[in-house]
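Enquirer: I have a structure here, written as structure tokens, and I will follow up with some questions on it.
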């Protein structure tokens with residue numbers, strides 16, 4: 001009986017999806033089914049209730065999951081401990097991140113990390129926040145980079161940085177003539193926002209609501225890049241993190257104005273599943289992000 005088959009079973013039990021279990025282990029769905037069938041034949045028991053439309057484990061399946069999880073975690077701990085003893089930093093890291101962090105915050109750190117550890121393969125995929133947390137909790141991804149990290153007892157959160165929120169507008173907009181602006185002035189202008197389920201949008205909404213400022217939302221987008229493009233054509237003003245707009249401000253395609261009322265910051269963090277056994281490569285990656 002191979003460790004890999006037990007891991008596939010654990011992933012299937014945790015995701016309740018043959019598709020996701022296959023994605024996590026980089027195999028086909030038929031390969032997942034075959035490995036489960038092999039386990040059932042080897043142990044002489046049925047582990048998945050196949051008569052119901054909804055995925056569920058049999059009592060034998062629940063027992064197999066409980067002990068397989070212990071075996072897989074112990075094996076991972078052993079494997080990574082040997083790597084640490086031998087001072088080996090290699091392997092794969094799958095990172096999921098929101099657009100603003102992945103496009104503007106992460107690249108210099110990736111370059112620095114890969115220069116130090118060239119044998120590590122890091123894949124980066126962009127996700128909306130809701131999908132990002134799902135990928136972390138199901139094991140599809142190893143590490144997530146988020147803004148306004150959500151509290152969850154299943155997650156380990158590593159605070160990384162804070163980015164000031166600023167108001168942006170077209171360079172010819174009247175607000176651009178000022179070095180700072182009061183939030184109350186937003187009510188008199190068309191406002192370009194992130195979509196309602198984006199954590200930064202929820203944070204900005206709270207800031208405005210707490211100060212009795214009602215924004216005239218004329219456009220809503222799911223990422224920072226489209227928000228910036230809308231501001232560049234003078235479709236409205238917006239509030240965004242400062243780092244992702246520095247290039248446009250330098251090129252003078254967007255004007256940046258600080259908020260006068262007080263300084264607001266967007267927290268950035270790395271998240272991973274608490275029960276996940278981190279490889280030396282993953283630990284080094286988190287240390288580098290935190291120290292930088």
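Enquirer: Out of contact with any helix residue (DSSP H, G or I) (no Cβ under 7 Å at 6 or more places or on another chain), within 30 Å of residue 80 (Cβ to Cβ) and part of a loop (DSSP other than H, G, I, E, B): is that true of residue 276 in this structure?
Expert: yes
Enquirer: Out of the range 208-239, which residues are closer than 13 Å to residue 186 by Cβ and either touching a strand residue (DSSP E or B) at 6+ places or on another chain (Cβ under 8 Å) or not assigned by TED's automatic domain parsing to the domain that holds residue 174 (or both)?
Expert: 215, 216, 217, 218, 236, 237, 238, 239
Enquirer: Residues to consider are 203, 176, 141; find the one that is more than 18 Å from residue 222 (Cα to Cα) and in the same structural domain as residue 230 (by TED's automatic domain parsing).
Expert: One residue alone meets the criteria, 176.
Conditions tested, residue by residue: (1) within 18 Å of residue 98 (Cβ to Cβ); (2) free of Cβ contacts under 8 Å to residues at least 12 places away in the same chain; (3) within 14 Å of the chain's Cα centre (by Cα); (4) surrounded by fewer than 16 Cβ atoms within 10 Å (Cβ to Cβ).
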{"residue": "155", "(1), (2), (3), (4)": "yes, no, yes, no"}
{"residue": "162", "(1), (2), (3), (4)": "yes, no, no, yes"}
{"residue": "173", "(1), (2), (3), (4)": "no, no, no, no"}
{"residue": "194", "(1), (2), (3), (4)": "yes, no, no, no"}
{"residue": "238", "(1), (2), (3), (4)": "yes, no, no, no"}
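Enquirer: Right, something else. Filter the range 253-273 for residues that are assigned to a loop (DSSP other than H, G, I, E, B) and either at pLDDT below 95 or over 19 Å from residue 192 (Cβ atoms) (or both) and give the result.
Expert: Result: 260, 261, 262, 263.
Enquirer: Restricting attention to the range 41-64, report how many residues are in a helix (DSSP H, G or I) and surrounded by 18 or more Cβ atoms within 10 Å (Cβ to Cβ).
Expert: 2
Enquirer: Can you name the condition, by its number, that residue 234 falls short on among (1) at negative phi; (2) surrounded by fewer than 19 Cβ atoms within 10 Å (Cβ to Cβ)?
Expert: (1)
Enquirer: Next question. Residue by residue through the range 41-55, note down the ones that are closer than 16 Å to residue 10 by Cβ and at pLDDT below 90.
Expert: Across the range 41-55, the qualifying residue is only 55.
Enquirer: Of (1) under 30 Å from residue 161 (Cβ atoms); (2) in contact with a helix residue (DSSP H, G or I) (Cβ under 7 Å, 6 or more places away or on another chain); (3) at pLDDT 90 or above, residue 13 satisfies all except one. Which?
Expert: (1)
The values are calculated or read from the model by the stated rules, or taken from the named source; none is laboratory data. Just so we're clear, the structure is a prediction, and the values are computed from it rather than from any experiment. Cβ sites come from the backbone with ideal geometry, for glycine too, and all protein chains shown count toward neighbours.
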